[in-house]
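Below is one structure, written out as structure tokens; comments come after it.
Please treat every number below as a calculation from the coordinates, not as lab data. The shown structure was predicted, so the numbers you read here are calculated from the model rather than taken from an experiment. Every residue, glycine as well, gets a Cβ built from its backbone with ideal geometry; the counts of neighbours run over all protein chains shown.
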Amino acid sequence: MTAARTILLLVAGALAGTVGSAGGTASLISYPVLLAVGLPPLAANVTNSIAFVAAWPGSALASRPELAGQRPFLRRVAPLALAGSAAGAALLLVTPSRTFDLVVPYLLAFAALAVALQPRVSAWLERHAGRGRRLLLPGGLIAASAYDGYWGAGAGVLTLAVLMIATDQPLARCNALKNMVLGLADVTCCVVFICCWSVDWAAAVPMAAGLLAGSMIGPSLTRRVPARLLRVVVAAAGLGLAVHLWTESYL
């Protein structure tokens, strides 16, 4: 791999890490760049997932204020992330990717709208509290982690939407929890991928280095940017990725 391609992967990883750890759809940046440097779609997907493991420690260090007191919650949801991600990675190995690719844009669009409308949705759920809402957190996290293990792009939007609606915590705190949940999911699916696929480490390593650096910047943005503005940006990014993937899948 040439020096120029390595630098491109580093820069793309840093930008993706910043966007992703701040709540956005990081794969909108990293996945197309991996395709641009010559990786085929499946290899780019696997490489993207493996590189994103590096964003976990960076975002954890940068999100310490938001993660204070959250250890019991993370212990409770960790098995959900691990089980969901393992199931998603296994699904990738045994089923045609085309089938799920056709559904991805709609899942992303739904999640983006859920983030945008989160205050209204949370208020409605509060008025209609019941068993359905209690099941939203475990069911939603398992589904989002399975999605992350299968493909990954947009999993942050899905996970953030679930946490914002199911927990009613501030956006910055939900974003920090999202980064931790996705970190667990990424590690799990990567173990499966490394055991079952030939990984392009020449692309994964520089992308991972950029992601580590960028992930330490993103959480600070969630503290300084107004929640309403950040919610709109996240939702718009999710819808943009949904439209991009829809055009690739259907046109």
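Would you please put 183-193, 32-42 in order of how densely packed they are, using the mean number of other Cβ atoms within 10 angstrom per residue and starting with the highest? Show your work: numbers first, answer last.
Working: 183-193: 22.3, 32-42: 16.2.
Highest mean packing first, the order is 183-193, 32-42.
What is the local net charge at Leu163, summed over the other residues whose Cβ is closer than 10 Å to its Cβ (Lys, Arg +1; Asp, Glu -1)? Please report the intermediate quantities before stating the final value.
Details: positive: Arg173, Lys178; negative: Asp168.
Within the 10 Å Cβ shell, the charges total +1.
In degrees from 0 to 90, rounded to the nearest 10, what is the angle of the helix 155-167 Cα long axis to the longest principal axis of the chain?
So the inclination is approximately 10 degrees.
Taking 0.36 nm per intervening residue step and subtracting the Cα-Cα distance, what contour gain separates Ala202 from Arg98 on full extension?
Values: separation 104, 0.36 × 104 = 37.44 nm, distance 2.67 nm.
Difference between extended and current length: 34.8 nm.
Can you compute the helix-only [θ] at 222 nm over the chain? Use -39500 (n - 2.57) per DSSP H run of at least 4 residues, normalise by all residues, nearest 500 deg cm²/dmol.
Working: 15 runs with 209 residues, N = 251.
It comes out at -27000 deg cm²/dmol, rounded to the nearest 500.
Applying 1/(1 + (r/R0)^6) with R0 = 22 Å to the Cβ-Cβ distance of Arg5 and Leu42, what FRET efficiency is obtained, to the nearest 0.05? Don't skip to the end; give the middle numbers.
On the way: r = 19 Å, r/R0 = 0.88.
Given R0 = 22 Å and the Cβ-Cβ separation, E is 0.70.
Multiply the residue gap between Gln70 and Val225 by 0.36 nm, knock off their C-alpha separation, and tell me the result in nm, one decimal place.
On the way: separation 155, 0.36 × 155 = 55.80 nm, distance 2.23 nm.
The span from Gln70 to Val225 would gain 53.6 nm if fully extended.
Pick the calculated Kirkwood radius over Cα pairs in Å for this structure from (1) 17.7; (2) 19.2; (3) 18.6?
Read-out taken from this structure: (1).
Around Tyr250, with a cut-off of 12 angstrom between Cβ atoms, what is the net charge of the other residues, counting Lys and Arg +1 and Asp and Glu -1? Don't jump to the answer; show the numbers that get you there.
Numbers: positive: Arg98; negative: Asp101, Glu248.
Charge balance in the 12 Å sphere: -1.
What's the exposure ranking of Trp201, Trp56, Trp151, Trp246, going from fewest to most Cβ atoms within 10 Å?
Numbers: Trp201 13, Trp56 21, Trp151 24, Trp246 16.
Ranking Trp201, Trp56, Trp151, Trp246 by Cβ neighbours within 10 Å, fewest first, gives Trp201, Trp246, Trp56, Trp151.
Simple spin-label model, 7 Å along Cα-to-Cβ: Phe110 to Leu61 in nm?
Going by the 7 Å Cα→Cβ label model, 3.8 nm.
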